1. What about T126, is it free of Cβ contacts under 8 Å to residues at least 12 places away in the same chain and either among the hydroxyl-bearing types (S, T, Y) or touching a Lys or Arg at 6+ places or on another chain (Cβ under 9 Å) (or both)?
2. Please enumerate the residues belonging to segment 236-251 that are hydrophobic (A, V, I, L, M, F, W, C) and either under 20 Å from E166 (Cβ atoms) or part of a loop (DSSP other than H, G, I, E, B) (or both).
3. Return the only residue of I254, I262 being touching a Pro at 6+ places or on another chain (Cβ under 7 Å), more than 23 Å from L149 (Cβ to Cβ), assigned to a helix (DSSP H, G or I) and of a type in the set (V, I, T).
4. Out of all the residues in segment 212-257, which are among the acidic types (D, E) and closer than 23 Å to E278 by Cα?
5. Considering only segment 1-21, state which residues are in contact with a helix residue (DSSP H, G or I) (Cβ under 9 Å, 6 or more places away or on another chain), over 19 Å from H250 (Cα atoms) and not in a strand (DSSP E or B).
6. So how many residues does segment 165-199 have that are outside any helix (DSSP H, G or I) and not hydrophobic (A, V, I, L, M, F, W, C)?
7. Filtering segment 240-272 down to residues that are of a type in the set (G, A, S) and touching a strand residue (DSSP E or B) at 6+ places or on another chain (Cβ under 7 Å), which residue is surrounded by the fewest Cβ atoms within 10 Å (Cβ to Cβ)?
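The values are calculated or read from the model by the stated rules, or taken from the named source; none is laboratory data. Everything numeric in this text was worked out from a predicted model, so none of it was measured. No Cβ is skipped: glycine too gets one built from the backbone with ideal geometry, and neighbour counts run over all protein chains shown.
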Amino acid sequence: MRKILVTGSSGLVGSEVCMHFAAKGYQVHGIDNNQRAVFFGPQGDTRWNQQRLQRELAAFVHHELDIRDRQGMLALVKEIKPDVIVHTAAQPSHDRAATIPFDDFETNAVGTLNLLEAARQFCPETPFIHMSTNKVYGDAPNRIAMKELNTRWDYDDVAYVNGIAETHTIDQSKHSIFGASKVAADVMVQEYGRYFNMPTCCLRGGCLTGPNHSGVELHGFLSYLVKCNLEGKKYFVYGYKGKQVRDNIHSHDIVRFMEAFIETPRSAEVYNLGGGKENTCSILEAFAIASSFTGKEQVYEYVDKNREGDHICYYSDLRKMKAHYPGWDITISLEETIRQIVEAWKLRNA
C-alpha cells in the first residue's frame, strides 16, 4: 500500500488531501497539533476535522506532532518513508504574523526546512508538494495599472488579461511578515528541487476554500464571510472600497492538481494555483452571492484602511498549470463553492 504524509491534515486542504488519497487506496499519515486554535483561538479549532478523518477513514493515522520539532519530523519520515509528501501546515494569517513573528517564521520557514531535510535524508525521490501562497508576490501586483468598475477593481493592462503568471516578481515589495516567511519556504522548496534534484513543487495559492474550512476573520475569507452572514455578525471590510478581487478555488480542484503532479512529477516547479479569472469576486460581489443562498443581507462595516501588503486585485494565470497538466482544469464554480460553504456552516451550527 502506498503511503502519503500530509502536514496540516486537519485543515481545509490537508483534510481534502487525506479524504481524496484514502479513496485512492493510500495509507494516510496526518500530522497536526491543532496549532490553528493557538493562532486564532477556539473559533480556529480543527479537532472536529481530525475526528471526522479518524471516524471516516480506516487507513488514516494521526500524528500529534509540531512541524517545528526537527527531531520528531526526522524520526517520523524515517519511520514512514512516504511515497508522497503534501505540506499544507502553516501559520496562515498575514495580520497575525506581525504579532508573533518568531512563531510565524519558525512554523512557515523552519518547519518547511525540517520536512525538506527529512525527505532528502530518507525519501529523496518522493514527490514533495508545498502549499505556498500568492503573498510571495507581496504588493507588487498593486503596481499594475488598475481600473475601477462598479463592484470591483480589475487590471487595466493587456499583459495581465489572464492574471498573474509565475514570472511575476517576488522581490522589492511589501509582503507582510507572513509573506516573507512564506517566501523563505517557497524558495527553499525550489532550492531542494534544483540543488538536490528532488521532485518538488510550490503551489502559490490564491483564495483556497471549501466546505471544510474553519474560517476566522484573520484567515479564510469566503468561509468567514458566509459564517458572518448566517449568524448576522458584522463583517469588517478593510479598504479598497470592498472592491478588492480574489480568485477562489475549491479544495477538491486543488487536490486533483496535486494528483496530476504526483503521477508526473517535475523538479523545482512553481504554479499559481487559484480559481482563475472565471472564479473571481470582490468582497461586495461575495456578499451578493452569499445572500442569494442564505436569504440574508450581509451586515458589514467599512474600515477605510487596507491591510498592510494586501492585494487590490489578484487572480491566477492558469496557463502554465494547464500546459504542463492538460488533463486538469477547474471543475467547481465559485457559485457552487459558496453554496457548499453555506450548507456546511448550517450543518456545523445545527
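1. no
2. Answer for segment 236-251, where residues must be hydrophobic (A, V, I, L, M, F, W, C) and either under 20 Å from E166 (Cβ atoms) or part of a loop (DSSP other than H, G, I, E, B) (or both): V245, I249.
3. I262
4. Passing the criteria: D247, D253.
5. R2
6. 11
7. First, pick out the residues of segment 240-272 that are of a type in the set (G, A, S): 242, 251, 260, 267-268.
Filter once more, so that each one left must be touching a strand residue (DSSP E or B) at 6+ places or on another chain (Cβ under 7 Å): 242, 251, 267-268.
Values: G242: 18, S251: 25, S267: 16, A268: 18.
Here the residue is S267.
Every residue, every condition in (1) in contact with a helix residue (DSSP H, G or I) (Cβ under 6 Å, 6 or more places away or on another chain); (2) assigned to a helix (DSSP H, G or I); (3) without any contact (Cβ under 8 Å) to a residue 24 or more places away in the chain; (4) over 28 Å from E269 (Cβ atoms), yes or no:
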site: L284; (1), (2), (3), (4): yes, yes, no, yes
site: F287; (1), (2), (3), (4): no, yes, no, yes
site: S291; (1), (2), (3), (4): no, yes, no, yes
site: K296; (1), (2), (3), (4): yes, no, no, yes
site: E301; (1), (2), (3), (4): no, no, no, yes
site: K305; (1), (2), (3), (4): no, no, no, yes
site: D310; (1), (2), (3), (4): no, no, no, no
site: K320; (1), (2), (3), (4): no, yes, no, no
site: A323; (1), (2), (3), (4): no, yes, yes, no
